[in-house]
Amino acid sequence: AAQEDIEGQNLVTYNISVVEGEVATISCRVKDNDDSVIQLLNPNRQTIYFRDVRPLKDSRFQLVNFSDNELRVSLSNVSLSDEGRYVCQLYTDPPQEAYADITVLVPPGSPIIESREDVVSEGNETEITCTTAGSKPASSIRWMKGEEELRGDLTVEETYDRMFTATSRLTLTVTKEDDGVPVVCIVDHPAVKDFQAQKYLEVQYKPEVKIFVEFPEGLTREGENLELTCKAKGKPQPQQINWVKVDDDVPSHAVITGTDLLIENLNKSYNGTYRCVASNSVGESYDDYILYVHDALTTTPIPTTTTTTTTSTLPDTTQDSRAGEGAPQKMDHAVIGGVVAVVVFAMLCLLIILGRYFARHKGTYFTHEAKGADDAADADTAIINAEGGQNNSDEKKEYYI
């Protein structure tokens, strides 16, 4: 019980606050005792104790201590009717009095928390009330939303039996982040601790939409395929998800399967903004994907070197490298074949020329057998000159050109 000193000239007592149903202890203490008599009176000035004797027929009052300097009395099972000013008297000349006020605290009833709507849409305002009744004194009420303390509007009403009912109204605008967040009503009262009630906010919100590119990993190029996936989350969960093309129609051969969009064999006529739209009872949301189809990968062959076209993705670079290597190899085979053909043709021509030359210049044999015939005047003389040459047959020589 809370106590407060109240001092007289020689008599001291305390004010007391006690919870209904508990025990209050009243103490009358004398600083300097001169054998004077001490007694305790109730608010109606009836004697409760005279020295250590209890004239009042109320067994809830019990003597705790009696001495020359103190009279201490306990009152059990305190009720509201016990509230009031108790009097300690010391019979001196003149008599002395000291007063002890007993205040009975009545704890509040369990707080009741209610909301105007069970489910609130994001961006809307809602009102939550917390009520606690039958307390004395009146309760105060605080609000917490998650870790944030909020201020409500408190109203206190006094009932016929001197009790109080406290009601606090909290008005707040909710967002989708408030979904599932607890709102706690905390009751502050001297008779209780940690007295509270809570309610979890249930907030509906429109879908959150996001487009993911499943393929390709890099740039979109002519002749390749495009695969998009749309993911949407909301409360309530959106049941319908649609693909559209802004300011145009989706290509006729595009395949839409649930949340997926597939376009094969891309070309630049498919450029544009593709939109995934999702809706629920709260509203509609969308996400956009801007398609820009790049040129297909090309290579420029060079006779002596291999070139590659650099792109932003590894798969494209590999493809370009293979294309660049193939063209020069084919070109090298053609050049070698041409050179071989020219060499063979030249060799054939050379053989033909040599054959014709040897055919025109056959070998001639010269002997001394006809020597002298060249100078003869007629045939007979030539024969005679030639025959005359037989004597030199041993010197016959043969030449071959």
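Considering only region 23-41, I want to know if a residue exists there that is out of contact with any His (no Cβ under 7 Å at 6 or more places or on another chain), over 25 Å from Met163 (Cβ atoms), in a strand (DSSP E or B) and open to solvent by 80 Å² or more (accessible area, probe 1.4 Å).
There is at least one residue in region 23-41 that is out of contact with any His (no Cβ under 7 Å at 6 or more places or on another chain), over 25 Å from Met163 (Cβ atoms), in a strand (DSSP E or B) and open to solvent by 80 Å² or more (accessible area, probe 1.4 Å).
Cβ-Cβ below 6 Å, separation at least six or inter-chain, first residue in region 1-30 and under 30 Å from Ala138 (Cα atoms) and at pLDDT 95 or above, second open to solvent by less than 30 Å² (accessible area, probe 1.4 Å) and of a type in the set (Ser, Thr, Tyr): which pairs?
Val23/Ser74; Thr25/Ser74; Ile26/Tyr86
Assess whether Val183 counts as being out of contact with any Cys (no Cβ under 6 Å at 6 or more places or on another chain), in a strand (DSSP E or B) and in contact (Cβ under 8 Å) with a residue 60 or more places away in the chain.
Taking the combined requirement at face value, the residue satisfies it.
From the set of residues in region 164-180 that are surrounded by fewer than 17 Cβ atoms within 10 Å (Cβ to Cβ) and in a strand (DSSP E or B), which is farthest from the chain's Cα centre (by Cα)?
For region 164-180, the residue satisfying everything is Arg169.
Taking the residues in region 272-294 that are open to solvent by less than 50 Å² (accessible area, probe 1.4 Å) and without any contact (Cβ under 8 Å) to a residue 40 or more places away in the chain as candidates, determine which candidate is nearest to Gln204 (Cα to Cα).
Residue satisfying both the conditions and the ranking: Thr273.
Does Val209 satisfy the condition of being touching a residue at least 12 places away in the same chain (Cβ under 8 Å), in contact with a Cys (Cβ under 8 Å, 6 or more places away or on another chain) and either closer than 24 Å to Asp179 by Cβ or open to solvent by less than 30 Å² (accessible area, probe 1.4 Å) (or both)?
Yes: the conditions hold for Val209.
Go through region 222-250 and give me each residue that's in a loop (DSSP other than H, G, I, E, B), surrounded by 15 or more Cβ atoms within 10 Å (Cβ to Cβ) and touching a strand residue (DSSP E or B) at 6+ places or on another chain (Cβ under 6 Å).
Result: Pro238, single match.
Need pairs with beta-carbon distance below 7 Å; first residue within 23 Å of Ser17 (Cβ to Cβ) and assigned to a strand (DSSP E or B) and within region 136-163, second open to solvent by 100 Å² or more (accessible area, probe 1.4 Å) and basic (Lys, Arg); sequence gap 6+ or separate chains.
Correct list of pairs: Lys136/Arg162.
Checking the conditions here, which among Val203, Val213, Val183 is more than 30 Å from Cys130 (Cβ to Cβ) and at pLDDT 95 or above?
Only one candidate qualifies: Val213.
Going by the structure shown, is Ser269 of a type outside the set (Val, Ile, Thr) and part of a helix (DSSP H, G or I)?
Yes; evaluated as a whole, the condition is true for this residue.
What number of residues within region 119-133 are open to solvent by 30 Å² or more (accessible area, probe 1.4 Å) and either in a strand (DSSP E or B) or under 26 Å from Leu105 (Cα atoms) (or both)?
5
Being of a type in the set (Val, Ile, Thr), at pLDDT 95 or above and not in a strand (DSSP E or B) is the filter here; which residues of region 67-118 pass it?
Val78
For region 151-168, name all the residues that are over 30 Å from Ser79 (Cα atoms) and either among the aromatic types (Phe, Trp, Tyr) or touching a Cys at 6+ places or on another chain (Cβ under 8 Å) (or both).
Gly152
The values are calculated or read from the model by the stated rules, or taken from the named source; none is laboratory data. Since this is a predicted model, take the numbers as computed values, not measurements. Note: ideal-geometry Cβ built from the backbone for every residue, glycine included; neighbour counts use all protein chains shown. Note: areas computed on protein heavy atoms with side chains; ligands, DNA, RNA excluded. Shrake-Rupley method; radii C 1.70, N 1.55, O 1.52, S 1.80 Å.
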